[in-house]
Amino acid sequence: IKEDRLVRGVEIDVERPDGSRCIALPYPTPIHDETGRVAGAVSVHVDVTQQRQTQDALQQALRAKDDFLGLVSHELKTPLTAISGNSRSLLLHGDQLDDETRTQALADIVEEGDRLQHLVENMLVLSRMADGRDIDLEPILVQRVVPRLLRRFQRRMP
């Protein structure tokens, strides 16, 4: 106001009389006397605390989505690479490979295809959950899952 200018679009931190704090957009407007000098001002403060919190939550959700997409992309790329590499090897050199190598390449393609299918199914379940729809739950026998996961992990990280 002393500088005789309008201030717009600047957030300020405001302490209320009860000691609580909020974020506000100030709209100070100088009032001039008949000579053009600043005689006073009118200032309106718009509380944008809730809006700022919503924007911050949205930004956090967008970062989480980006992280999730990066993770999903990586998880999808791994089996796709194995499927593509093994199928290309079989197509180009299948007649030169021994039976055991050919069988192992086909087994890898099937296993990685199953893995891809499970990843996609899990993403569909997450999508249904996000939409608030009920999902079918079923018990999982850990003693069946752990050995399979260990085999996969050992193949990738010998």
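The values are calculated or read from the model by the stated rules, or taken from the named source; none is laboratory data. Source: prediction; values computed, not measured. Heads up, the Cβs are rebuilt from the backbone with ideal geometry, glycines too, and the neighbour counts pull from every protein chain shown. Just the protein is used for accessible areas: all its heavy atoms, side chains included, with ligands, DNA and RNA removed. Shrake-Rupley method; radii C 1.70, N 1.55, O 1.52, S 1.80 Å.
Residue-wise HN-Hα couplings along segment 107-117, as the Karplus relation 6.51 cos²θ - 1.76 cosθ + 1.60 with θ = phi - 60° gives them from phi, are 5, 5, 4, 5, 5, 5, x, 4, 4, 4, 4 Hz; Gly and Pro carry x.
Computed from the C-beta positions of R128 and D56, the FRET efficiency with R₀ = 30 Å rounds to 0.60.
The trypsin sites (Lys or Arg not before Pro) of segment 54-158 that DSSP puts in a loop, and whose beta carbon has at most 14 other beta carbons within 10 Å, are R133.
Which of H93, H118, H74 moves most in a GNM of the chain, Cα contacts under 10 Å? Largest GNM mean-square fluctuation: H93. For semi-axes √(5λ) of the Cα gyration tensor in Å, the value computed from the atomic coordinates appears in the list (1) 31, 20, 12; (2) 65, 21, 12; (3) 31, 20, 16 under label (2). Karplus-derived 3J(HN,Hα) values for segment 67-77, using 6.51 cos²θ - 1.76 cosθ + 1.60 with θ = phi - 60°, are 4, 4, 4, x, 5, 4, 4, 5, 5, 6, 5 Hz; glycine and proline are entered as x. By the helix-only formula, in which each DSSP H run with n ≥ 4 contributes -39500 (n - 2.57) and the sum is divided by residues, the chain has a 222 nm mean residue ellipticity of -21000 deg cm²/dmol. Here's the picture: charge each Lys and Arg Cβ at +1 and each Asp and Glu Cβ at -1 in the chain, and of M123, I135, A82 the one pushed furthest to the positive end of that dipole is A82.
Modelled this way, with points 7 Å down the Cα-to-C-beta line, the labels at C22 and L91 are 6.4 nm from one another. Once backbone amide H atoms are built at 1.01 Å from N, A41 has I31 as its partners under 5 Å, excluding neighbours fewer than 5 places away on the same chain. With protein chains left intact and a 1.4 Å probe, residues in the chain average 80 Å² of accessible area per residue. Placing unit charges on each Cβ (+1 for Lys and Arg, -1 for Asp and Glu) gives segment 46-110 a dipole about its Cα centre, and among H93, V48, F68 the Cα reaching farthest toward its positive end belongs to V48. With θ taken as phi - 60° and the Karplus curve 6.51 cos²θ - 1.76 cosθ + 1.60 applied, the whole-hertz 3J(HN,Hα) list for segment 81-94 is 5, 5, 5, 5, x, 5, 5, 5, 4, 5, 5, 7, 10, x Hz, x standing for glycine and proline.
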